[in-house]
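Each reported figure results from applying straightforward, stated rules to the coordinates on display, with no laboratory input. Remember, predicted model here, so these are calculated numbers, not experimental data. Here the Cβ positions follow ideal geometry from the backbone for every residue, glycine too, while neighbour counts run over all protein chains shown.
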Amino acid sequence: MQNKIKLVLMGLMALIGIFGVGYKTYRERQVKLTDVSVVLSLEDTVNDNTIWCGTFNLIWNDLKDIAGQDIEFSPQLDVVKHLNQGTFTTKELNESSYYKIVDIPSLVLKEKITKEIKEKFNETSDILDDFDWENHDAKDYFLYAMLKKEFDFQNEFTELKKDRFQDTKNIAYFGIDATTKESVRQQVEVLYYKDNHQFAVKLQTQNEDEIILTRGRRESSFKEIYNALISESKEYKGSHNFGDSDTLKVPNLNFKVKKEFTELEKKDFKFANAENYYIDKALQTVQFELNKKGGKVKSEAGMSAKNFSLAEMDTPRNFDFDEPFTLFLKEKEKELPYLSIQVNDIEKFV
């Protein structure tokens, strides 16, 4: 009898250990996700691990349109000043890559959005259930946007051996080494190269998208980083071709973040017609994958606005992105990127 009790207790202790480890892993993952900053515009200050995607800018532009003027809080926020500049618009995107809508919030509208993003992107929403669809007024607004992109490299990059990213071990990389075919090298354009710590490259896909990676920049915002690398690329006198002895090492990225912008919520502002409004809820998600084959982006942004009346050398060059770097995604022939990522701690992105 004592042996049976002992076995039962051992089993319970094992289960507690399993669940304890699982809970700890879950909690650690949650902490890592919260350590990644999501900024609302290209002008916002970039921290060590930061993401920006243009979906929220699209719905903010729509909010300004229906308001008939810039959005003004009292006191005004820098993030709102940056959003009001309207730097990023639909001009930077192919119409096939985004969906957006503005209407009075209702269950009918929720069903309409659900149906239309399924038809256009074969996607479901990660944020629609977070909004109140029933308690609304005829003067209320719901603003929504989804960005969906999938891109492939015409020739797969080489899967490299796992290596460190700063102090983090066993990080998966893809890129170019001595075994890589010439057809793969032709997919890389060197934007500029100063040394093994300061450089930028562009990876060409067989779609309309370009992946730009830069290392060693110290500007304070994604806009400043991007403008500086483009300027330096134009002035670069070295070879823009990826040479036979050049190498490339890029970490696989795979992450998903969801952010509520509470700093924008519950602050009143006026429309041009003097009507008082406030943002009840503002949400954005960004999901991104990048590997030797290609990658994909999915991002949503949603916002409910309520009427206040109711309430890139000849010698070998090593393009190793194994230290903090910045990544941009843009459409060919467009001026601005639609996604920006600042990677400092790789564990938060893999």
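Take the cross-link list 118/259; 64/281; 110/258; 120/249; 112/298 and give me the ones stretching past 28 Å between alpha-carbons. From the list (118/259; 64/281; 110/258; 120/249; 112/298), the Cα-Cα distance tops 28 Å for 120/249.
Packing-based ranking of 40-52, 239-251, 164-176 yields 40-52, 239-251, 164-176, ordered from highest to lowest mean Cβ neighbour count within 10 Å.
Find the centroid of the Cα atoms in region 54-106 and in region 321-350, then give the distance between the two in whole Å. Region 54-106 and region 321-350 have Cα centres separated by 22 Å. Working note: 222 nm ellipticity from helices only, DSSP H runs with n ≥ 4, each -39,500 (n - 2.57), summed and divided by the residues of the chain, gives -8000 deg cm²/dmol to the nearest 500. Note on 59, 66, 346: ascending count of other Cβ atoms within 10 Å places them as 66, 346, 59, the fewest first. Each of [x] 45, 26, 19; [y] 37, 32, 18; [z] 29, 26, 19 is a candidate for semi-axes √(5λ) of the Cα gyration tensor in Å; the one calculated from this structure is [y]. Here the peptides 142-149, 102-109, 177-184, 264-271 are ranked by packing, the mean other Cβ count within 10 Å, and the order with the highest first is 142-149, 264-271, 102-109, 177-184. Amide H contacts of residue 72: 270, each under 5 Å away and 5 or more positions distant or on a separate chain (H built 1.01 Å from N in the peptide plane; Pro and chain starts excluded).
Net charge of the neighbourhood of residue 167, taken over other residues with C-beta under 13 Å away and scored Lys/Arg +1, Asp/Glu -1, is -3.
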